[in-house]
Each structure stands twice: as structure tokens, then as C-alpha cells.
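Beneath this line is the structure, given in C-alpha cells, with notes to follow.
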Amino acid sequence: MTIATDLIESPAFAPPDSALARAIGDFVRDRTSELLFRHSMRVYFWASLEGQRRQLKFDPELLYAGAMFHDFGLTPAYNRSDLRFEVNGANAARDFLKDHGVPEPDVERTWLAIALHTTPGIPQHLHPEIALIHSATALDVVGRGYESLAAAEREAVLSRYPRESGFKEQIIDAFYEALKERPQTTAGSLNDDYLACRDPFFQRTDVCTLIRNSPWRD
């Protein structure tokens, strides 16, 4: 416990100390559930810890923006959107950052970090902020990379932003509730897993069937 207390009181365990970061935190907290807010905060800390461990050069403000907005597309305002939830969150972040005078290249990097955070095999080859958001979300949701963290690091983050009792089922429910009215946006992504998990009548889009039913004559 002493080690965790020392860690959590260090600068590494605080969001970026800037007006932009404070504005981001306030904006997202006012518009998301406690479940998603804590999850997003943990994602920032997991990403920051990984970036420091790997000695990557990343912008803490952009990393924080990506973490806080990465699931923003799951909020009720987007329940009937025609876009993937990742794109909704990326667009919201882009609008927010532009309104706060963030340079276009940084806005674009944050947009990609959010839009690609559920897409395997690509983010790790891009800018550190993009790679770190992808790996940190996987860590918090499915535990990928769990053993790479020291026990004291896990304890320090969880003591500040604990996982709710039953988080695993709650996060599945959060995705399902946000996506059930727009199932077409989950095709070709892992997001249709949430619908299949909760809805026994859900039918996935099968790319092989789409190929066979295409208008091309072979």
C-alpha cells in the first residue's frame, strides 16, 4: 500500500495540468456515465504508463484527449447515429479541440487514435498516441497486457479510479445499449460481438454471403 500511495501522489498519476486538459475532463464528465468516465481515466493512466515504460515520445494532452473521448460515441446522443461509435467520438473530439485552438495535425492525430482504437493490427504502427490508446483500451476491457504492469501500478490507478463491481458485464451492457439501435454500424468490426452476446436473434453480416450475393456475374 505504501508503494501505491507514493505512486499515486506522483506527477505520473495526474492528468496533464493544463487549461485544455481540465476543459476536456469537465466536458466529458458532464456527458458520460460514471462507468465510462472511470474507464476513460484508467485508459489514460494505462496508456501513459506504457508510454513511459517504452520510452515513447507522446503528447500528454493529446493522449488525454484520446482517452477521454474514445468512448464518447457510446453516449445517448449518438444512439441512432449512422456512424460507428468510434467515429462519433473522434468527431466530437475534433470539434472540441478545434474550438480550443489545437493545431490541425494534432487534431488529426487524436481523431485517428479514437477512430482506430478498436481496430486491431494497425494502430501499433502509427503515432504513439494512436498506438497507446489502442493498447490501453484493450488492457482495461479484456486485460491484454495485464502482466506488463507492476502490481503497485495497477493498485495505484485502481485506488483512484476503481473498476465497478461487475464491470465486465456492465461494460458489455453499455456497448449493447448504445449499439442496439444502430446494428448496421457494427458490421465488419468486433462491435457486433456485443449485440450477439445480448440479443439471441441478432444476425451478423457475413462477408462471404455478401460476396456470393453481389451483382457481379461469374
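Every number here is computed from the coordinates shown, using simple stated rules; none is lab data. What you see is a predicted model, and the numbers here were worked out from it, not measured in a lab. Positions of Cβ are backbone-derived with ideal geometry, glycine not excepted, and every protein chain shown enters the neighbour counts.
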Seminar exercise, completed: Quick calc: nm separation of the 7 Å Cα→Cβ label points for Thr119 and Arg53 -> 2.6 nm
Seminar exercise, completed: To the nearest 0.05, the calculated FRET efficiency linking Gln184 and Ser214 through their beta-carbon distance, R0 being 25 Å, is 0.90
Problem set entry | Computed E for Tyr146/Asp99 - FRET, C-beta separation, R0 25 angstrom, nearest 0.05 | 0.10
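Between Ala14 and Asp173, what FRET efficiency follows from the Cβ-Cβ distance if R0 is 35 Å, with the result rounded to 0.05? Spell out each step's value before the answer.
Values: r = 30 Å, r/R0 = 0.87.
The calculated FRET efficiency here is 0.70.
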Seminar exercise, completed: In nm, the gap between the two label points placed 7 Å beyond Cα toward Cβ at Asp30 and Val207 is 4.2 nm
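Could you compute how fast the chain diffuses translationally, taking Rh as the Kirkwood radius over C-alpha pairs and applying Stokes-Einstein at 4 °C with viscosity 1.567 mPa s? Give it in µm² per second. Numbers along the way, then the final one.
Details: Rh = 18.2 Å.
For the chosen part, D equals 71 µm²/s.
Find me the longest stretch of the chain that has none of the exposed chymotrypsin sites (Phe, Trp or Tyr not before Pro), where exposed means in a DSSP loop (not H, G, I, E or B) with at most 14 other Cβ atoms within 10 Å.
Values: sites that count: Phe201, Trp216.
My reading of the result: 1-200 is the longest stretch.
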